Amino acid sequence: MAYQFTKDLETGNSLIDSEHRQLIDAVNSLLDACAKGQGRTQLVNTAQFLLNYTNKHFADEEALQVKYRYPDYTRHKKIHDDFKKQASDFVKKIQSEGPTVANVGQINTLLAGWLINHIKGEDKKLAAFIKSNG
Ligand SMILES: [Fe+2]
């Protein structure tokens, strides 16, 4: 079942929300590539796209934090950096092992679960700060 960008995931910041939509789409494409057994090339491409887009999105979010002098920048950036490391390790794993049951499980927990949690917590805090200080 595909993940949905539901109302409770909206932060109210249009840039952040549109990038979050893309990220959810990218997770769904990766799950799709696994489910349909689309072949290694497609799987690798989808995984790589997700990783690249995550890096771009984090960079955009961090630039906003710097621009608005977000007081929690250092902590938020560290959370991003830790996730980037975990995600890139995982993408290497999926590239070498393919869509095993364990790897598909990790897409759901490590990638989608993490993302949804992060959006609902940290990113909503950030968007609220930008809104009241913009
Ligand atoms: Fe974030």
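The values are calculated or read from the model by the stated rules, or taken from the named source; none is laboratory data. Predicted model, so just to flag it, every value in this text is computed and none were measured. No Cβ is skipped: glycine too gets one built from the backbone with ideal geometry, and neighbour counts run over all protein chains shown.
Observations on the structure shown:
- Residue in region 120-133 that is touching a Pro at 6+ places or on another chain (Cβ under 9 Å) and either within 16 Å of the ligand (Cβ to nearest atom) or outside any helix (DSSP H, G or I) (or both) present: yes
- Residue match in region 38-55 (condition: at pLDDT 95 or above, on the phi > 0 side of the Ramachandran plot and either away from the ligand (no atom under 12 Å from the Cβ) or hydroxyl-bearing (Ser, Thr, Tyr) (or both)): no
- Which numbered condition ASP72 fails, given (1) among the acidic types (Asp, Glu); (2) within 16 Å of PRO99 (Cα to Cα); (3) modelled with pLDDT of 95 or more: (2)
- Screening the candidates LYS78, LYS67, LYS125, LYS93 for the property of being closer than 20 Å to VAL27 by Cβ and among the charged types (D, E, K, R) yields one hit, LYS93.
- Qualifying residue in region 23-33 (condition: modelled with pLDDT under 95, over 16 Å from the mean Cα position of the chain (by Cα) and over 20 Å from ASP123 (Cβ atoms)): yes
- Residue list for region 25-50, restricted to those being of a type in the set (A, V, I, L, M) and buried (at least 19 other Cβ atoms within 10 Å of the Cβ): ALA26, VAL27, LEU30, LEU31, ALA33, LEU43, ALA47, LEU50
- Total residues in region 56-102 satisfying the condition of being closer than 29 Å to ASN45 by Cβ and either within 15 Å of the chain's Cα centre (by Cα) or loosely packed, with under 13 Cβ neighbours inside 10 Å (or both): the figure is 28.
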